[in-house]
Amino acid sequence: MIFGEDVAGIVLGGLAAGMVLFVVSVGLSVTMGLMGFVNLAHGGFAMIGGYIIVLSMNRLGVPFVPALILGFTLTAALSVVLERLFYSKLYRAAELDQVLFSIGLAFVMIATVTIVIGPETQPMILPSWLRGQIDLGFTSYRTYSIFLIVFGALVAFCLWLGFERTRIGAQIRAAVDNRKMVESLGINIDRLFTFTFAFGSGMAALGGGFGAEFLGLDPQYTLKYLVYFLIVVAVGGMGRITGVFYAALIIGIMDFILKKYLPAGGTIFIYVLTILILLIRPQGLFGRSN
């Protein structure tokens, strides 16, 4: 029974971590797939959104759900400004230029948050209804982790519906597959880019807030977890909602197991596995072959 509870705890913990990875990474996957832009500052938007959510709760007393909405909205608005001022000028630039710009922007975000707020880790104080444990019948587990699993699954389902059953979803999918054809049909690609970039950054903000309770939140968050977001996108396939979802769950569970049983360098297996997958399938496990 103890062994069964231990396995259930590992699976549930890994699923919760995987859902946070999914919420952050799905925006990066779509923007990279649609725009072809190597945005290494994506973790910065997750950090900024996390700070907005956590500080509004801790210092201003904003309830949890309104804080999430506030973090999504403000981060998305900031991303629109940056997209129009800077990103849009580099859409057709070389990949090296995009990498240099976005990593530079990430360092600017880190320095700004460090100067304005400080380098300390910001604790997330959960509302009372998300504290404690919940009885699942076969085991008891943290209420917040169960909330993350349920919310992440709901987000994945809503995003799938949005991309598969709406007009703008069809436009985004078409632009990912054949941008020139979409432009020839008279669809405003610039507006589509701005909307997608804002939505992806807002999703990153939600992920930054959700993960602050167990991943921590400090200025180095921008770069600390960037490799995980990139791995999820690489394994799942760019622009593929279901692919990113499955990849995030796989990486989340693997990382949880490795940190529990091989805390000293166990995550190297994730990097090795990612390299092997990309050598065999450069488009990722769930991406389409060219």
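Name the single residue, out of those in segment 171-217 being touching a helix residue (DSSP H, G or I) at 6+ places or on another chain (Cβ under 8 Å), among the acidic types (Asp, Glu) and open to solvent by 70 Å² or more (accessible area, probe 1.4 Å), that is farthest from Thr73 (Cα to Cα). The selected residue is Glu183. Would you call Leu85 within 29 Å of Gly14 (Cβ to Cβ) and within 24 Å of the chain's Cα centre (by Cα)? So Leu85 fails the test. Which residues, counting only those in segment 4-18, are touching a residue at least 40 places away in the same chain (Cβ under 8 Å) and open to solvent by 10 Å² or more (accessible area, probe 1.4 Å)? Residues satisfying the conditions are Gly4, Glu5, Ala8, Gly9, Ile10, Val11, Leu12, Leu15, Ala17. In the set (1) hydrophobic (A, V, I, L, M, F, W, C); (2) under 14 Å from Val24 (Cβ atoms); (3) open to solvent by 20 Å² or more (accessible area, probe 1.4 Å), Leu273 fails one condition alone, (2). Just one of the listed residues (Leu159, Leu82, Leu154, Leu105) is in a helix (DSSP H, G or I), under 24 Å from Leu230 (Cα atoms) and open to solvent by 90 Å² or more (accessible area, probe 1.4 Å), namely Leu154. For segment 88-108, the criterion of a residue being more than 25 Å from Met238 (Cα to Cα) and either at pLDDT 90 or above or over 15 Å from the mean Cα position of the chain (by Cα) (or both) is satisfied by at least one position. For segment 124-151, a tally of residues being open to solvent by 80 Å² or more (accessible area, probe 1.4 Å) and either within 13 Å of Phe210 (Cα to Cα) or modelled with pLDDT under 90 (or both) returns 4.
Testing Val235 on (1) buried (at least 24 other Cβ atoms within 10 Å of the Cβ); (2) at pLDDT 90 or above; (3) under 20 Å from Val272 (Cα atoms), one condition comes back false. Which one is that? Of everything listed in (1) buried (at least 24 other Cβ atoms within 10 Å of the Cβ); (2) at pLDDT 90 or above; (3) under 20 Å from Val272 (Cα atoms), Val235 misses just condition (2).
For segment 240-249, the set of residues classified as modelled with pLDDT under 90 and open to solvent by 10 Å² or more (accessible area, probe 1.4 Å) consists of Arg240, Ile241, Thr242, listed by residue number.
Restrict the check to segment 26-35 and report whether at least one residue is in contact with a strand residue (DSSP E or B) (Cβ under 7 Å, 6 or more places away or on another chain) and crowded, with 18+ Cβ neighbours inside 10 Å. No; the residues of segment 26-35 include none that is in contact with a strand residue (DSSP E or B) (Cβ under 7 Å, 6 or more places away or on another chain) and crowded, with 18+ Cβ neighbours inside 10 Å.
Of everything listed in (1) assigned to a loop (DSSP other than H, G, I, E, B); (2) modelled with pLDDT of 90 or more; (3) open to solvent by less than 30 Å² (accessible area, probe 1.4 Å), the single unmet condition for Glu120 is (3).
Only one of the listed residues (Ser29, Ser25, Ser56) is in contact with a helix residue (DSSP H, G or I) (Cβ under 7 Å, 6 or more places away or on another chain), farther than 21 Å from Ile251 by Cβ and among the polar types (S, T, N, Q). That residue is Ser56. Scanning segment 43-76 for residues that are outside any helix (DSSP H, G or I) and crowded, with 18+ Cβ neighbours inside 10 Å yields a single hit, Val62.
The values are calculated or read from the model by the stated rules, or taken from the named source; none is laboratory data. Model, not experiment: these values are computed from the prediction. Don't worry about glycine lacking a Cβ; one is built from the backbone with ideal geometry, like all the others, and counts go over all protein chains shown. All accessible areas refer to the heavy atoms of the entire protein, side chains included, with ligands and DNA or RNA removed. Shrake-Rupley method; radii C 1.70, N 1.55, O 1.52, S 1.80 Å.
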